[in-house]
Every structure is written in C-alpha cells, then in structure tokens.
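Novice: Encoded as structure tokens, here's the structure I'll be asking about.
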Amino acid sequence: MSDENELSVTGQVIAGIMLILFTTLAVVLLIGFWPDRMPEDRDKCQLYSDTLFAVRLIDTCCKQQIVPLAARPNARTRDDHSPDLLQIPRDTAAGDTATKTFLEETICNCNLPGTITLNKLLLLLVCLGGFLGGMVYISTSFTAYVGSRQFRRSWKLWYFVKPFTAVGIAIALYFTFRAGLLTHSNDASNINLYGIMTLALLSGLFSQIAAQKLKEVFQAAFNPKGDLPDKIDETKPEIITIESDTLDRAKENIITIKGKNLDKCPLTIKINDAEVKDVMVTKTIITIKYTIPSDQLAVPIFKLEIFDESGKVIKSFELK
C-alpha cells in the first residue's frame with residue numbers, strides 16, 4: 001500500500017474547511033434552537049416561539065371567551081368543572097333592561113403562528129445533536145488518516161454519508177426512548193433535555209455501538225429466537241450429494257462430498273466401519289483420500305458413513 005495520501009494538498013485544505021464549516025453550523029443551530037426552559041406539568045400547550053436564538057416557552061396560549069348560553073344549548077347547571085355563568089344586562093327592543101346568560105369559557109389554541117411545539121423542537125435538537133456527533137467523528141477520522149498519510153480516495157463517499165446516517169441512528173434511538181422501551185414515560189414535559197442531547201451526540205459519535213444497542217432492543221422486544229416446531233438449525237451440517245460412488249481398486253481415490261455448514265462441528269468419516277484419517281473439511285466440501293486395503297479388494301460394496309460429534313449418522317453412501 002502507498003504511503004502517500006490519495007488527496008492533493010488543495011483537496012485536504014478544502015475538505016478541512018468544509019468539516020469546520022459544517023461542524024460550526026451544527027453548533028450554531030443547536031445553540032440557536034436551544035429552549036430557555038422545559039415546560040412544567042401545568043403548561044398545557046407546550047409551545048415555543050419559533051425565533052432563532054430566542055426560543056422561549058410561551059406562558060399560555062389560552063384565553064377567556066364569553067359566548068351566549070343560547071349558543072350552547074346542551075350546557076347544564078354549573079358545577080366545579082363547567083364554565084362560569086354570567087348575567088349580563090342588555091337593552092331589549094322596547095327599551096327595557098333585561099338580563100341574558102352567557103358562558104365564560106377558556107379557549108386554547110395550540111396552532112399559533114410563529115410557534116413550534118415541544119415535540120418538534122426536541123426532534124430538531126436530536127437531529128442537530130446526531131449530525132454534530134457524526135461531524136466530530138468524521139473530522140477525527142479524516143485528520144488521523146491524512147496525518148498518517150493513509151487517506152484513500154475511495155472513502156470520500158463515506159465521509160459525505162456518515163453524518164446523515166448518524167442523524168438517522170439518533171432519531172431511531174430517540175424514538176426508542178420516547179416509545180417507552182427504555183424508559184417508563186413518553187411525556188415530552190418529563191424528558192431530561194440534557195440526557196436526550198447527550199444520547200443524540202453519543203449516538204452520532206459512536207454510530208456502530210448505538211446501532212448494536214438498537215439491535216439488542218429489537219431482539220428483546222420481538223424475541224426472534226422463539227422456539228418453532230420445525231425451525232431450521234443453521235449450524236447443523238447438511239450433506240447434499242457425493243460426486244462419484246465408484247472406487248478404483250488399483251489406486252488412491254479422491255472422494256468429494258458436497259453440503260452446507262460442514263465445518264460447524266467435528267465430523268467423523270468411516271468406510272466399512274474403519275475411520276478414515278485423510279479428510280479435509282471446508283464449509284461446503286468434504287474431500288476424502290482413500291485407498292482400498294488389500295484384504296478388501298474383493299468386497300463388492302463399501303459403506304461410507306458420516307458421523308457428527310455426538311456419534312449420530314448424518315448421511316451414508318454405498319460405494320462400488
């Protein structure tokens with residue numbers, strides 16, 4: 001392998017500038033969308049102002065509204081949970097003063113313009129955290145390989161794709177936590193923001209470890225190793241065929257047997273109950289070198305048997 005980088009000095013400078021710019025951009029956006037505080041349980045709307053570097057929790061998105069009782073024909077007698085009933089004077093057409101009953105209701109609007117919900121804000125921060133972690137990882141990798149003069153041009157695509165795969169893994173891990181597979185609550189207001197961001201950054205920085213953790217969660221949740229009645233054992237040797245069933249009595253014979261998973265466990269080969277020592281086993285082929293003993297040259301049929309490690313016969317053939 002060459003001891004020189006497959007990237008010119010100009011290319012190294014451009015790549016370094018791009019790494020700095022994208023890493024800085026992720027940091028700036030992360031700071032710009034960082035909320036001033038997390039909502040408390042009493043905050044029902046959980047809305048934030050959608051302004052960069054000024055993402056503040058809106059104290060309330062509810063207002064009092066007074067409507068005539070006639071507009072609410074199904075309204076019942078007031079209790080502790082019903083709107084307040086108000087008696088408001090009004091002038092009739094004849095000039096007399098009368099009263100009309102109104103309802104005082106609390107109206108909450110969670111679609112105010114220029115706002116962003118807590119769930120969307122958290123998802124955005126997780127994406128930025130995963131992207132930043134991925135950028136830190138590829139920046140470290142790039143400088144290490146360039147510094148050791150081992151950078152290869154074939155890895156350029158990996159450097160472009162890695163931050164985005166880090167974002168995907170960060171989102172997957174975040175959804176796993178929000179789904180309650182690793183926690184007991186999926187309420188956004190109960191989330192530890194610093195804990196979630198630490199998880200997003202580390203999942204971007206250590207994508208392979210995070211992906212392995214998600215694999216473990218999937219295996220634990222769906223139990224792919226369930227006991228099925230006729231489940232195929234992928235580690236069990238399987239004999240498929242023998243290339244020739246004819247032996248030459250005048251010279252050494254090469255017997256070839258084909259199969260699957262032949263190297264998963266020790267196999268014993270016997271011909272006419274005598275173990276054959278000159279055997280080579282690979283994953284798919286068994287090669288046997290066998291010379292017929294002088295005292296068996298007149299034997300018409302030779303029985304070849306293949307045993308597994310427990311002594312059970314896997315397959316047997318008759319050789320002529």
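Novice: Can you find a residue in segment 177-185 that is surrounded by 17 or more Cβ atoms within 10 Å (Cβ to Cβ), free of Cβ contacts under 8 Å to residues at least 60 places away in the same chain and either part of a helix (DSSP H, G or I) or outside the structural domain of Q208 (by TED's automatic domain parsing) (or both)?
Specialist: yes
Novice: Can you confirm whether segment 231-244 contains a residue that is in a loop (DSSP other than H, G, I, E, B) and at pLDDT 85 or above?
Specialist: No: zero hits.
Novice: Would you please list the contacts, defined by Cβ atoms under 6 Å and residues six or more apart or on different chains, that run from a residue in segment 27-38 that is among the acidic types (D, E) to a residue that is not in a helix (DSSP H, G or I)?
Specialist: Listed by first residue and then by second, the contacts come to D36/R56.
The values are calculated or read from the model by the stated rules, or taken from the named source; none is laboratory data. What you see is a predicted model; the values in this text were computed from it and never measured. Positions of Cβ are backbone-derived with ideal geometry, glycine not excepted, and every protein chain shown enters the neighbour counts.
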